[in-house]
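Below is one structure; the comments refer to it alone.
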Amino acid sequence: MEAWIPITVAAAFLQNLRSALQKHLKAQLSTTGATFARFAYAGPLAALYATGLAILGGHPVPEPNPTFALYVMVGGVFQIFGTALLVHLFSFRNFAAGTTYSKTETVQTAIFGVLILGDRLSLGAASAILISLAGVMTISVARTDLSFFRLLTGWVERPALIGIASGACFGVSAVSYRGASLSLGGPGFLMQAAFTLACVTLFQTLVMALYMRLREPGQLRAVMRSWRVSAWVSLAGMLASACWFTAMTIQNAAYVRALGQVELLFTFAAGYLFFRERSNALELIGIGLVAGGILLLLLYR
């Protein structure tokens with residue numbers, strides 16, 4: 001089995017864990033504060049991870065270059081924008097269409113990967129990504145009053161356009177992180193990914209801290225006071241990001257993001273096993289499409 005596959009599955013699991021922990025913070029913090037908690041302690045942890053690889057693992061520290069710096073800043077800013085657009089969607093009454101269209105991230109990541117990095121995409125992989133996208137969108141509308149006809153005809157409405165823009169931002173950020181890591185030129189994929197992660201996380205922490213200092217100064221103190229939960233959120237987020245960055249250094253970002261949709265299967269499994277939640281027919285169809293798309297990706301990438 002290629003290394004990027006178990007690493008991506010681990011990333012999806014850890015991201016699921018981070019999201020669950022982050023929900024506990026919403027009772028104590030604003031949306032921006034809960035988002036910042038993801039980065040607040042992750043920067044030092046990511047730097048510690050990279051330092052550990054260098055000192056304990058003997059991995060040479062890569063030398064950053066202008067291309068690396070550009071990719072880091074573009075990826076970091078676009079990820080923040082993507083998150084902000086996604087949060088903004090919830091201010092609309094009909095936000096379901098927008099959040100559903102944000103799931104086009106994987107397809108857009110594939111397009112940006114081809115255009116920016118020249119990544120290749122096989123016909124089988126492209127088909128797998130489209131099938132899993134259909135599954136994700138089916139799951140998204142399964143418990144809403146949003147019909148497939150309305151979904152297909154409402155893509156020019158403002159929430160849908162914001163959702164598409166959010167997916168585009170996440171797609172650009174994923175491709176930029178892969179570009180940043182690859183631009184370091186070969187000290188080893190573990191160190192390339194770790195060094196990129198440390199630089200991106202520290203950059204995002206500084207950007208968000210400056211924004212919050214100007215707009216929500218009280219939330220900076222609130223994040224510090226909630227360190228018992230925030231630290232765990234940051235740790236889970238940093239470990240998830242380390243796995244994402246490592247997988248995307250090894251493999252096409254679109255393939256990694258497509259396989260990462262296994263996170264949905266984890267969510268439904270947890271809901272069934274621990275909360276006795278039952279899925280409706282549309283959700284089961286969506287789960288089947290996601291699982292089928294992932295299997296097709298692994299067979300015909």
Quick check on ARG228: is it part of a helix (DSSP H, G or I), of a type outside the set (A, V, I, L, M, F, W, C) and under 24 Å from VAL172 (Cβ atoms)? no
Going through the range 224-273 in order, the residues found to be among the β-branched types (Val, Ile, Thr) and surrounded by fewer than 24 Cβ atoms within 10 Å (Cβ to Cβ) are VAL229, ILE250, VAL262, THR267
State whether the residues of the range 250-265 include one that is closer than 18 Å to PHE78 by Cα, without any contact (Cβ under 8 Å) to a residue 24 or more places away in the chain and among the hydrophobic types (A, V, I, L, M, F, W, C). no
Looking only at the range 193-210, decide whether some residue is in contact with a Leu (Cβ under 8 Å, 6 or more places away or on another chain), buried (at least 24 other Cβ atoms within 10 Å of the Cβ), assigned to a helix (DSSP H, G or I) and among the small types (Gly, Ala, Ser). yes
List the residue pairs whose Cβ atoms are under 7 Å apart, where the first residue sits in the range 211-237 and is over 20 Å from VAL77 (Cβ atoms) and free of Cβ contacts under 8 Å to residues at least 40 places away in the same chain, the second is of a type in the set (Ser, Thr, Tyr) and assigned to a helix (DSSP H, G or I), and the two are 6 or more positions apart or on different chains. none
With the structure loaded, tell me whether VAL175 is modelled with pLDDT of 90 or more and of a type in the set (A, V, I, L, M) or whether it fails that test. yes
Report whether or not GLU105 is surrounded by 22 or more Cβ atoms within 10 Å (Cβ to Cβ), of a type in the set (Asp, Glu) and either at pLDDT 90 or above or out of contact with any Cys (no Cβ under 8 Å at 6 or more places or on another chain) (or both). yes
Considering each of ILE250, ILE287 in turn, give the residue that is under 29 Å from ALA40 (Cα atoms) and not basic (Lys, Arg). ILE250
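The values are calculated or read from the model by the stated rules, or taken from the named source; none is laboratory data. The shown structure was predicted, so the numbers you read here are calculated from the model rather than taken from an experiment. Don't worry about glycine lacking a Cβ; one is built from the backbone with ideal geometry, like all the others, and counts go over all protein chains shown.
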